[in-house]
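The values are calculated or read from the model by the stated rules, or taken from the named source; none is laboratory data. This structure is a prediction, so every number in the text was calculated from the model and none was measured. Note that each Cβ is placed from the backbone with ideal geometry, even for glycine, and that neighbours are counted across all protein chains shown. Surface accessibility is based on the protein's heavy atoms, side chains included, excluding ligands, DNA and RNA. Shrake-Rupley method; radii C 1.70, N 1.55, O 1.52, S 1.80 Å.
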Amino acid sequence: KACDRIDVFIGDTTILEKKVGVHHVNQVQALPDGGGTDMGHIIETVDAMRRYKNIVVISDGYTGWPAQPAHARVIYFPFGDFTLEGVPEWIKIA
């Protein structure tokens, strides 16, 4: 447990849902699974809030990525049948 809460952003090409102050896994029952993800836009939108020190991305990696480094540290957790192709060097791969 690194903090007392996390905020979860669920999206594809835009942020579709935001869950603020998640304390327990039961607060995030199911995440939509689909295509057309644009992590570039989502990371840039979340990073523009400038209150986050870390942004954790869980994705298969078949997505666009931000062209410029984020202010927050970005950590990518590959999931499922994933790819590392196109991940910018400034994003840490876990």
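Three principal axis extents describe the C-alpha atoms of region 37-77; from largest down they are 26, 17, 13 Å.
Extension gain, E17 to A67, is 15.6 nm, computed as 0.36 nm per intervening residue step minus the present C-alpha separation.
Each helix, a run of at least 4 DSSP H residues, gives -39500 (n - 2.57); summed and divided by the residues of the chain, these come to -3000 deg cm²/dmol at 222 nm. Which loop trypsin sites (Lys or Arg not before Pro) in region 16-94, with loop taken from DSSP, have no more than 10 other Cβ atoms within 10 angstrom of their Cβ? In loop regions of region 16-94 (DSSP not H, G, I, E or B), the sparsely surrounded trypsin sites (Lys or Arg not before Pro) are R50, R51, K53.
A probe of 1.4 angstrom, applied to the heavy atoms of all protein chains, finds H41 with accessible area near 80 square angstrom. Could you work out the percent of alpha carbon pairs in the chain separated by over 18 Å, rounded to a whole number? Tail fraction, whole percent: 44. Computed over the chain, relative contact order equals 21 percent, with contacts defined as Cα pairs under 8 Å that lie 6+ residues apart.
Residue ranking by accessible heavy-atom surface, 1.4 Å probe, largest first, among D60, D47, D81 comes out as D81, D60, D47.
Placing pseudo-labels 7 Å out from each Cα toward the beta carbon at V25 and N54 gives an inter-label distance of 1.7 nm.
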